[in-house]
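Each remark here refers to the structure printed beneath this line.
The values are calculated or read from the model by the stated rules, or taken from the named source; none is laboratory data. The structure presented is a predicted model; accordingly, all values stated were derived computationally and were not measured. In this analysis, Cβ positions are derived from the backbone assuming ideal geometry, glycine residues included, and neighbour counts consider all displayed protein chains. These accessible areas exclude ligands, DNA and RNA; they are computed on the full protein's heavy atoms, side chains included. Shrake-Rupley method; radii C 1.70, N 1.55, O 1.52, S 1.80 Å.
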Amino acid sequence: MYKRILMPVDVFEMDLSDKAVRHASFLAKADNATITLLNILPVNGRAMLRGFSSDIKKFENYMTQESEKKMNELKRLFDIAPENIQTRVRFGNVRDEIIAMSADGEYDVIVIGSKKPGVTTHLLGSNAESVLRYAKIPVLVVR
């Protein structure tokens, strides 16, 4: 049913990702699917380092390497073959990047963790709610 799973992760808040790992693993094992772990980093660093283009590139390279390292550590929590798990790092708005990746037709489902609800998000975390609202493919939200 699901051959390609997109799983956005926040490598700096692993509790949120840990919850969704079991569900993504279950789906992947059921259909021998692949999982793409996606970490989206904010572009705020660009604004702070405006005028220092070489520093921006160094900062982005460092953050990409750190994200890749943490996602590779996260791979060991899955009980599927490591070669069935890819990693991607992007810079931008969380919702926009997830929706853009899911819109290209490569993925069958999005599995995303959600924070505890707050006053402004009511039932879901704001990123999960936003992805759920705009995604054109099924979304599994895990709390």
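Tabulated values for the structure
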| quantity | calculated |
| --- | --- |
| Which numbered condition Ser114 misses (of (1) modelled with pLDDT of 90 or more; (2) buried (at least 17 other Cβ atoms within 10 Å of the Cβ)) | (1) |
| Output for region 1-57, where each listed residue is assigned to a loop (DSSP other than H, G, I, E, B), among the charged types (D, E, K, R) and at pLDDT below 95 | Asp10, Glu13, Arg50 |
| Residue in region 70-108 that is most open to solvent (accessible area, probe 1.4 Å), counting only those that are under 14 Å from Ile40 (Cα atoms) and without any contact (Cβ under 8 Å) to a residue 12 or more places away in the chain | Asp96 |
| Tally, over region 56-69, of residues that are among the charged types (D, E, K, R) and surrounded by 13 or more Cβ atoms within 10 Å (Cβ to Cβ) | 3 |
